[in-house]
1. Where in segment 122-192 are there helices (runs of 4 or more DSSP H), lying fully within it, with 1 or more residues that are surrounded by 16 or more Cβ atoms within 10 Å (Cβ to Cβ) and out of contact with any strand residue (DSSP E or B) (no Cβ under 8 Å at 6 or more places or on another chain)?
2. Consider residue 99 carefully, then state whether it is more than 25 Å from residue 131 (Cα to Cα) and assigned to a helix (DSSP H, G or I).
3. The conditions are (1) over 17 Å from residue 18 (Cβ atoms); (2) modelled with pLDDT under 95; (3) in contact with a strand residue (DSSP E or B) (Cβ under 8 Å, 6 or more places away or on another chain), and residue 117 fails exactly one of them. Which is it?
4. Which residues, taken from segment 93-107, are closer than 17 Å to residue 164 by Cβ and in contact (Cβ under 8 Å) with a residue 40 or more places away in the chain?
């Protein structure tokens, strides 16, 4: 079974078309975990108003602490599938790519990235500066740090069970995707990618905080570069 983990924050305008698109394109057993922080979230009544209802939806109350990182951790803990896919409810990710990502996980990959920066991928809309930073991070980590994908920051990812059970060190932000991908790569696990097109949201407000979260991304970026050029930090031998 595929577990689709979807963190939400007042996505009433997007959640119904998102769920309809996912159900129309994903034709294998799956569960869709809608992870919310507070009961007043406008996403919940919009889901309840679905007609016909979506039988694969499971609501998950995030009790680990507010914010997207804790929402993703809560979704991982609640998931039951052998493949765990992270998607955004703002319809930025393409549901048609989920089945191929799951196929690669079941074929031996531990992380499959939805990649905007390979042939067949793309990006529609969004702030230019954010797009440039994302492209620069992905390309430089691929060519200079040996990361076997071209898109390091997109959170549209599929993971094997053992990846989402890795210790998570981050304290905030969407940098979780970069952290888990790097850790899988450092463990010698297979990391793959599929082309995908990212779409800027058409409704609602983005919760992405570029300058507040940039240090979290930078931490993992610099650590990846240091390990690639100088090797992993060794623990001093006492005695």
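1. Where helices (runs of 4 or more DSSP H) fall fully within segment 122-192 and carry at least 1 residues being surrounded by 16 or more Cβ atoms within 10 Å (Cβ to Cβ) and out of contact with any strand residue (DSSP E or B) (no Cβ under 8 Å at 6 or more places or on another chain), they are 128-145, 176-186.
2. Taking the combined requirement at face value, the residue satisfies it.
3. Failing condition for residue 117: (3).
4. Within segment 93-107, 98, 101, 102, 104, 105 qualify.
The values are calculated or read from the model by the stated rules, or taken from the named source; none is laboratory data. Note that the structure is predicted; figures quoted are calculated from it, not measured. Note that we place each Cβ from the backbone using ideal geometry, even for glycine, and neighbour counts take in every protein chain shown.
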